[in-house]
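What follows is a single structure, written as structure tokens, with notes after it.
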Amino acid sequence: MNIHEYQAKQLLKKFGVRVPEGRLVEEGSDPKDIPARAEKAAQDLAKSQGNAVWVVKAQIHAGGRGKAGGVKVCKDLSGVKAAAGEIIGKTLVTPQTGAHGKKVHKVWIEEGSDIAREFYLGVVIDRALSQVVMMASTEGGMEIEEVAAKSPEKIIKVAIDPTLGFMPFHGRKLAKALELSPEQTKEAIGFFKNIYRCFIEADCSLIEINPLILTRKGNLVALDAKFNFDDNALFRHPEIVEMRDLQEENPQDIEASKYDLAYIALDGTIGCLVNGAGLAMSTMDIIKLHGGEPANFLDVGGSASKEKVAHAFKIILKDPHVKAILINIFGGIMKCDVIAEGVIEAARDLALQVPLVVRLEGTNVDRGKQILASSGLKITPADDLTDAAKKVVAAATKNFNRS
């Protein structure tokens, strides 16, 4: 699950991390009142912070907002009003949104910061080490992928043993990498420790602060923040679940979450319904190997019911770009005959119009194949995964050319 920048900053603030003060302005029923509400927010900030510079920032779940016109620095109230009116309702197209872009429904109006230096700070889980790793670079404000590709030596990584947690020497190493002074290092150790504590206690999978800034007064401030969370741990954090913004999510993703389905929409034309994340990844790989493009990742889990399979099937068919569907099931706990019954139920309910290729193996496979064969539906059976991939790619190509 992702959250907005302003929500990330509110969370960091709870853990003692210094962030700029700001106010939220959301899209309302009357677009004409946006400038007035933005002006009031800026005035409130000026009174509380004594600052006459504001930054109006679009709130969407994607990076690259500034290059797309979603971040405006304003030195007077008229500029704040104009920027908020322009950004709210605008569709921003960034490298992370895709060509369709994302519509802005809210902006964060923030006090301006007196920046002396910019850094990058990231916290992730290194699965090879089974440890949390904090990464720091003096190249703040830049795309970290570009820095990693061109100047990897400028990214310093510190692995943190979970049995010890964050220690002062971790902070000193990070501070040295950022070329901080001894006085600045004292503050930095506490700053990094609070970031680590937030990562662990909130069950994060990513915290990215880019840029982390050093002000002219010598304070470290998280000027931007991006969070990802471990969805499997969200039951422990109802306060974080409340931050979920459904306007930012794909409708199929939302529906899939209702039925506890692991679903990610992609840009291809071949819908995939698979049990098991590893098998789902392999299925997508072999589709691409044979010249196709998967339209989704969808893992129904190892013990799905007939109803769950039917819902998964319906979610795939709601994607208008899907030209063929591949069902790839290895029956263990999940029985092949249960899968077959769910597929038939969904196909009949939705009057299936796209080609369907099914590969079944495992528990009750013969019974499952028999159910599919006697259904009267146009279902293409596959002998193995390679056979299935070839057949579904050919069917999708034929159906695409026809449409």
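Any read-out appearing in this document is the output of simple, stated calculations on the displayed coordinates, not a laboratory observation. What you are looking at is a predicted structure, and each value in this text was computed from that prediction instead of being measured. Every residue, glycine among them, receives a Cβ derived from its backbone with ideal geometry; neighbour counts consider all protein chains shown.
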**Request:** Work out how much length Lys40 to Leu234 would gain on full extension: take 0.36 nm times their residue separation and subtract the Cα-Cα distance, in nm to one decimal.
**Result:** 66.3 nm
**Message:** If I build a Gaussian network model for the chain, linking alpha-carbon pairs within less than 10 angstrom, which residue out of Thr380, Thr163, Thr185 has the largest mean-square fluctuation?
**Reply:** Thr163
**Request:** Considering only DSSP beta bridges where both residues belong to the chain, give the percentage that are antiparallel (nearest 5).
**Result:** 75
**Request:** Over the chain, calculate the relative contact order: mean separation of alpha carbon pairs under 8 Å at least 6 apart, over the residue count, as a percent.
**Result:** 12
**Request:** Apply 1/(1 + (r/R0)^6) to the Cβ-Cβ distance of Val73 and Asp260, taking R0 = 51 Å, and write down the FRET efficiency to the nearest 0.05.
**Result:** 0.70
**Prompt:** Under a plain spin-label model, where a point goes 7 Å from the Cα along Cα-to-Cβ, how far apart in nm are Glu201 and Glu26?
**Reply:** 2.6
**Prompt:** Percent antiparallel among DSSP beta bridges with both residues in segment 250-402, to the nearest 5?
**Reply:** 20
**Message:** Need the list of aspartates and glutamates near Lys32 for cross-linking: C-alpha distance under 12 angstrom, and skip anything on the same chain fewer than eight residues off.
**Reply:** Glu86
**Message:** In whole Hz and in residue order, list the ³J(HN,Hα) couplings for segment 69-74 that follow from phi through the Karplus curve 6.51 cos²θ - 1.76 cosθ + 1.60, θ = phi - 60°; x for Gly and Pro.
**Reply:** x, x, 9, 10, 8, 10
**Asked** Anyone know which of Gln131, Gln96, Gln370 comes out most mobile in the 10 Å Cα GNM of the chain?
**Response** Gln370
**Item:** Evaluated over the chain, the Cα radius of gyration and Dmax, each in Å
**Value:** 25.1, 77
**Prompt:** For the chain, modelled as a GNM with alpha-carbon contacts under 10 angstrom, which of Ile287, Ile60, Ile88 fluctuates the most?
**Reply:** Ile287
**Message:** I'd like the distance between the alpha-carbon centres of segment 365-401 and segment 239-260, rounded to an integer number of Å.
**Reply:** 32
**Cα gyration tensor category, rounded, prolate or oblate, for segment 250-402 with a/c compared to 1.5** = rounded
